[in-house]
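Notes for the one structure printed next.
The values are calculated or read from the model by the stated rules, or taken from the named source; none is laboratory data. Treat the numbers as computed from the prediction; the structure is a model and nothing was measured. For neighbour counting, all protein chains shown are included, and Cβ atoms are generated from backbone atoms with ideal geometry for every residue, glycine included. SASA here: full protein model, heavy atoms, side chains in, ligands and nucleic acids out. Shrake-Rupley method; radii C 1.70, N 1.55, O 1.52, S 1.80 Å.
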Amino acid sequence: MEQKLPLSVAIITYNEEGNLPGCLESVACAGEIVVVDSGSTDGTISIATAFGCVVYEEPWQGFGCQKQSAIDK
């Protein structure tokens, strides 16, 4: 088993089913991946959950606020 780095990654998503797997693979070394989703209707949440991410669902607040919410978590 590969050792995870003491690093948290914050990702905001909306219907990113096509991009999310590659994104998550690129940060797989992180000890924690937080995903804040703003109402995806595709498989985004399922992909994030299956990858082991901590997933939150929140209405869209604008880029800055949404990103800050993810960082705060």
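Results for (1) of a type in the set (Val, Ile, Thr); (2) touching a helix residue (DSSP H, G or I) at 6+ places or on another chain (Cβ under 8 Å), shown as yes or no for each residue.
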{"site": "5", "(1), (2)": "no, no"}
{"site": "12", "(1), (2)": "yes, yes"}
{"site": "21", "(1), (2)": "no, yes"}
{"site": "27", "(1), (2)": "yes, no"}
{"site": "31", "(1), (2)": "no, no"}
{"site": "36", "(1), (2)": "yes, yes"}
{"site": "47", "(1), (2)": "yes, yes"}
Residue tally, condition open to solvent by less than 50 Å² (accessible area, probe 1.4 Å), charged (D, E, K, R) and assigned to a loop (DSSP other than H, G, I, E, B), over the stretch 13-65: 1
